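Asker: Okay, here's the structure, questions in a sec.
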Amino acid sequence: MGKILEVKNLVTKFYTSDGVVNAINGVSFDLEEGETLGIVGESGSGKSVTMMSVLRLIPSPPGKIEEGEAIFTSFGASHDLLTLDETAMRDVRGGQIGMVFQDPISTLNPIMTIGEQISETITRHLRVSNDEARQQTIKLLTQVGIPDPELRYKSYPFQFSGGMRQRVVIAIAIACSPQIIIADEPTTALDVTIQAQIVDLFKRLSEALNAAVIWITHDLGVVAGIAERVLVMYGGRIAEIALVDDLYEHPQHPYTVGLLGALPKLDEEETKRLVSIRGAPPDLLIPLKHCPFSWRCDYAFERCWEEIPPQIKVGPRHEVSCFYDLEKGGPRDV
Ligand SMILES: Nc1ncnc2c1ncn2[C@@H]1O[C@H](COP(=O)(O)OP(=O)(O)OP(=O)(O)O)[C@@H](O)[C@H]1O
Ligand SMILES: [Mg+2]
C-alpha cells in the first residue's frame, strides 16, 4: 500500500508575549492509503497543532511552522502541503482532505441552512450544477443518518441536537470523497451513547470511501476501537508509534505504559480510582535538551537528562523515543 501522507521533521512554534512556545519539536510519521491512525496524548501534547500545521490552519501570528515537510500523494502526484500555494491548499482542505473538529457549532454557519452548507462545499470543489449538488446533499444526509433529509435540508444548525450537528459536519467532511479525513476529538462534546454512534458511523463511511483517517483523541479506549495504528504524543514529540495490538500488548515507552494504566478496566470495581501519571507535562516555553518525560519517569537514568531520544525502531512498524528498554530492564543499545 502506498503512503498518502508523509510528515517529516515538523517544527511549529508560537511567538507569544510570554515567550516562544515550542509546540511541535520535530514530528515525523506517515499515513498509508485507507488506514486509520489514532493520535493520543495529554492535553497540550501537540495533537491538534500537528494536524493544524499539516493543513496550514495555524493562526499566524503567533504561530509559525519553522521546519518540515508534509508530502501528500494524491492520484500519483506528490505535493508538500507546507509550501503549496494558498489557492491549491484551499482545494485540498475540504476537497481531498476532509475535516471534523470537536465543536460542530464553530464549524457550521449559524445563518445558512445545513443543506446549503453541504451543497456549497460540493459546488466549491466539484464541477456540478446546483441541482446535482442538492441531490448529492440529500444522499449525504441519508448516509449520515439524518431522517427526512428533504425536509432537514432547510433546517438551521440551531434546530439540530449536538449529535445531529456532528453528523452534518461529517457529511461536509465526506462530501467530496476525500482521501484523508482528519477528525480532532469529534465525539468529545457528545454524550456516551451518541459518541458510540458517531464512531460507528465514521468507521462505516471511511471504509466505504476507502479514506485514510487520522483520529485525534485523549482517549486510548476510543482509539482501540477505531484505529489500526496509534501515535502517542508527549511534549510536542512522538513518544511511541505502533500497531494498536502491539501498543496495547507491548508498550515500550513508560509514558504509554502510564496512559494504558490510566484506562478504566471493565472488570475492575467501580470504586477503584484511576491511576494517573504523577507530575505535570513539560513547560513548552523552555527548549529542552533532554527527554521531555524524564521528570515523570521511573526509569530515567543519566542519558535521559543529557540527550533527546531519537525515534528508535523496535519492531515492524513500531518506534519508540526512549533510551530505556522496559523488556530487558536496562538501557537500550543505541
Ligand atoms: N494560538 C496559540 N498560541 C500559543 N500557544 C498555542 C496556541 N495554540 C496552541 N498552543 C500551544 O501549543 C501546544 C500544543 O497544543 P495542542 O492544541 O496541539 O494540544 P492538544 O494535544 O491538541 O491538546 P488537547 O487535548 O487539549 O486538545 C500547547 O502548549 C498549546 O498551549
Ligand atoms: Mg487538541
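Asker: Residues that are within 16 Å of ligand 2 (Cβ to nearest atom) and at pLDDT below 90: does region 196-218 have at least one?
Answerer: Of region 196-218, the ones within 16 Å of ligand 2 (Cβ to nearest atom) are 214-218.
From the residues that got through so far, the ones that are at pLDDT below 90 too are 218.
The answer is yes, given that some residue of region 196-218 is within 16 Å of ligand 2 (Cβ to nearest atom) and at pLDDT below 90.
Asker: I'd like to check something: does region 73-86 contain any residue that is within 15 Å of ligand 1 (Cβ to nearest atom), of a type outside the set (Val, Ile, Thr) and out of contact with any strand residue (DSSP E or B) (no Cβ under 7 Å at 6 or more places or on another chain)?
Answerer: At the first step, the residues of region 73-86 found to be within 15 Å of ligand 1 (Cβ to nearest atom) are none.
No.
Quick grid of which residues meet (1) part of a helix (DSSP H, G or I); (2) open to solvent by 30 Å² or more (accessible area, probe 1.4 Å); (3) in contact (Cβ under 8 Å) with a residue 60 or more places away in the chain:
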position	(1), (2), (3)
170	yes, no, yes
173	yes, no, yes
198	yes, no, no
221	yes, yes, no
231	no, no, yes
241	no, no, yes
246	yes, yes, yes
257	yes, yes, yes
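Asker: A further question follows. Does region 210-219 hold any residues that are open to solvent by 40 Å² or more (accessible area, probe 1.4 Å) and within 16 Å of ligand 1 (Cβ to nearest atom), and which are they? Outline the logic, then answer.
Answerer: Start the filter on region 210-219 by keeping residues that are open to solvent by 40 Å² or more (accessible area, probe 1.4 Å), which leaves 210, 218-219.
Answer for region 210-219, where residues must be open to solvent by 40 Å² or more (accessible area, probe 1.4 Å) and within 16 Å of ligand 1 (Cβ to nearest atom): 218, 219.
Asker: In addition: Mind listing just one residue for me: the one in region 31-74 that is surrounded by fewer than 18 Cβ atoms within 10 Å (Cβ to Cβ) and free of Cβ contacts under 8 Å to residues at least 12 places away in the same chain and, of those, nearest to ligand 2 (Cβ to nearest atom)?
Answerer: Step by step, filter region 31-74, then rank; the result is 59.
Asker: If residue 151 meets every condition in (1) open to solvent by 70 Å² or more (accessible area, probe 1.4 Å); (2) in contact with a Lys or Arg (Cβ under 6 Å, 6 or more places away or on another chain); (3) among the hydrophobic types (A, V, I, L, M, F, W, C) apart from one, which number is that one?
Answerer: (2)
Asker: Would you pick out the residues in region 87-116 that are within 16 Å of ligand 2 (Cβ to nearest atom) and in contact with a strand residue (DSSP E or B) (Cβ under 7 Å, 6 or more places away or on another chain)?
Answerer: Kept after step one, since they are within 16 Å of ligand 2 (Cβ to nearest atom), are these residues of region 87-116: 99-104, 106-107.
Once the filter is applied, which keeps residues that are within 16 Å of ligand 2 (Cβ to nearest atom) and in contact with a strand residue (DSSP E or B) (Cβ under 7 Å, 6 or more places away or on another chain), region 87-116 yields 99, 100, 101, 102.
Asker: Could you count how many residues in region 14-30 are more than 9 Å from ligand 1 (Cβ to nearest atom), farther than 17 Å from residue 232 by Cβ and open to solvent by 40 Å² or more (accessible area, probe 1.4 Å)? Write out each step before concluding.
Answerer: Filtering region 14-30 for residues more than 9 Å from ligand 1 (Cβ to nearest atom) gives 17, 19-20, 25-30.
Going one step further and asking which of them are farther than 17 Å from residue 232 by Cβ, we end up with 17, 19-20.
Going one step further and asking which of them are open to solvent by 40 Å² or more (accessible area, probe 1.4 Å), we end up with 17, 20.
Residues meeting the conditions: 2.
Asker: Scanning for something buried (at least 24 other Cβ atoms within 10 Å of the Cβ) and not in a loop (DSSP other than H, G, I, E, B), does region 182-194 turn up at least one residue?
Answerer: yes
Asker: When region 163-213 is examined, which residues are found to be in contact with a Gly (Cβ under 8 Å, 6 or more places away or on another chain) and β-branched (Val, Ile, Thr)?
Answerer: Correct list: 172, 174, 180, 181, 182, 194, 198, 199.
The values are calculated or read from the model by the stated rules, or taken from the named source; none is laboratory data. Since this is a predicted model, take the numbers as computed values, not measurements. Cβ: placed from backbone, ideal geometry, glycine included. Neighbour counts: every protein chain shown. Ligands, DNA and RNA are stripped out before the accessible areas are found, and what is left, the full protein with its side chains, is counted by its heavy atoms. Shrake-Rupley method; radii C 1.70, N 1.55, O 1.52, S 1.80 Å.
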